[in-house]
Amino acid sequence: MQLFRDPQRDSRENIRAAQQALVYAGYPHGDAVTEVTTHLHRVRAALAAPRHAMLAGFLSGAGMAIGAFLVLTLALGGLGLVMGVVGDSGTPAEFTPAAPPAPQADTSPGSPLGVLPAVAVAAPVLGLAGVGMSRVTRNRWRRAGVLQTFVDLRPRRRYLLETAVVWLAVAGLIVLIVWALAGPQLGATVAQMLAFFGIPVGASAFAAWFPKMYAWILPRVSPVDAAAAARPIIEREAARQIKTERDFYGASGYDRTAYDRNRWADEILEAEPQGYFAQAQRREDTARGIAQRSGAYSYGMSGPRRLARYALIAGVATLAMWFFISRLLWIMLVDEPGLEAGILALILGAAIGLGLTWLYARYFEGL
C-alpha cells in the first residue's frame with residue numbers, strides 16, 4: 001500500500017548538502033544527521049497545506065485509537081482463551097464434546113467484538129483531536145521561525161494554551177457522548193471520572209505519541225519537499241557561524257582542517273541578497289533572543305507580578321484538585337464524606353497545587 005511506503009519527498013541532494021553544512025560548522029556527523037532530520041519534520045509541518053495537515057492529523061488520531069483498541073482486543077481474546085482452558089478452579093478443564101451451537105457474534109462487553117462500538121466512537125473523536133493538534137503544530141513552528149532560521153528559533157509557549165483549548169473541546173464532546181450512551185444516572189458518574197481522570201491521562205498519552213505518528217504520516221500525505229526549503233536556511237546559518245568564529249579566532253585555527261570551509265562559507269554568504277553587512281544587527285538580535293530565552297516568561301517581569309502569577313496557578317490547581325478528590329471520595333465511600341474528608345481533600349489539593357507551581361517555575365520559567 002502507498003501509505004506504508006517511504007515516499008522520499010525530500011531530495012537526497014539537499015539533505016546531504018544540509019548535513020555537510022553542519023559538519024562544516026563543527027557538528028559531528030551523527031549530530032548533523034539528527035539535527036537535519038528534526039528540522040525537516042518541523043519545516044514540513046510548517047509548510048504543509050492545511051488540507052494535508054488536517055488529513056494527516058485525522059489519520060494519526062484515528063490510527064492511535066484503532067491501535068489501542070486492537071491491543072485491547074488481543075488482550076481480551078488471550079484472556080478469554082486462558083480462562084476457557086484453565087477454568088475457574090485454576091486447573092485445566094476437561095473437554096466434553098457437545099453439539100456445536102449456532103454461530104453468532106458475541107458483542108458482550110467482555111468479548112473482543114464488544115469493543116467495536118467504542119472504536120466506532122473513539123476513532124473519529126481522536127481523529128478530530130488530531131486535526132486540532134495538526135493546526136497547533138503548524139502554528140507552533142511557524143511562530144518559532146523555522147522558515148527563517150535554524151539556530152535562532154524563538155519557541156513560544158502559546159501552543160500549550162492552544163493544546164488546552166483543543167482538548168477542552170474534545171473532552172466536552174467525549175463527556176456528552178458518554179452521558180448520552182450511558183444514561184442520566186450512570187452517565188453522570190462515568191462522565192465525572194472521565195473528566196477528572198480518564199481524559200487527562202489519555203491526553204497525556206496522546207501528546208506523547210502523536211508527534212511521532214504525525215511525523216510518519218505527514219510525508220505520505222503532503223508532497224512538500226522540506227529539504228529544498230531547509231537547505232538554504234541551514235547553509236546560510238552554518239556559513240555565518242564559520243565566519244563569526246573565523247573573525248574571532250583568526251584564520252590560523254582553520255588551516256589544519258582537511259576541507260576548505262572558509263571558501264565554502266564565503267561563497268554562501270556572497271550569494272545572500274544582503275551580503276554580510278547586516279552582521280552587527282543579526283548579532284544584536286541573537287543576543288536579545290538569548291537574553292529573553294534565559295529568562296523565559298520572567299524576562300523583564302517584576303517580583304510582585306511573578307509572585308501573583310505563581311499564586312494564581314497554585315490557587316486554581318488547588319481548587320481543581322480539591323474538587324476532584326472530594327468527588328472521588330464521594331464516589332468511593334459508602335457513607336457521605338464528612339468534614340474530615342473535605343479537609344483531607346483540601347490538604348492533598350494544596351500539596352499538588354504547590355507541586356505543579358514548582359514544576360511550572362522550574363521547567364517553564366527556568367528559575
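Numbers at a glance
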item	result
Separation of the Phe248 and Gln8 label points, Cα + 7 Å toward Cβ, nm	4.0 nm
Rounded to whole Hz, the Karplus (6.51, -1.76, 1.60) HN-Hα couplings of region 313-327, x for glycine and proline	5, 5, x, 5, 5, 5, 4, 5, 5, 5, 5, 5, 5, 4, 5
Chain lengthening between Arg154 and Thr34 when straightened (0.36 nm per residue, less Cα-Cα)	41.2 nm
Peptide ranges 210-223, 227-240 listed from the most packed, as the mean C-beta count within 10 angstrom indicates	227-240, 210-223
For Val151, distant residues with modelled amide H under 5 Å away	none
Extension gain (nm, one decimal) between Trp216 and Ala164, 0.36 nm per residue minus Cα-Cα	16.3 nm
Approximate shape of region 1-72 as ellipsoid semi-axes (Cα gyration tensor, √5λ), whole Å, largest first	31, 15, 12
Distance (nanometres) between label positions extended 7 Å along Cα→Cβ at Ala75 and Leu181	1.7 nm
Distance in nm between pseudo-label sites at Leu328 and Leu348 (7 Å out along the Cβ direction from Cα)	0.5 nm
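A short reminder: the numbers here are calculations on the coordinates, not readings from a lab. These numbers were taken from a predicted model, which means no experiment stands behind them. Here Cβ is always computed from backbone atoms with ideal geometry, including for glycine, and neighbour counts include all displayed protein chains.
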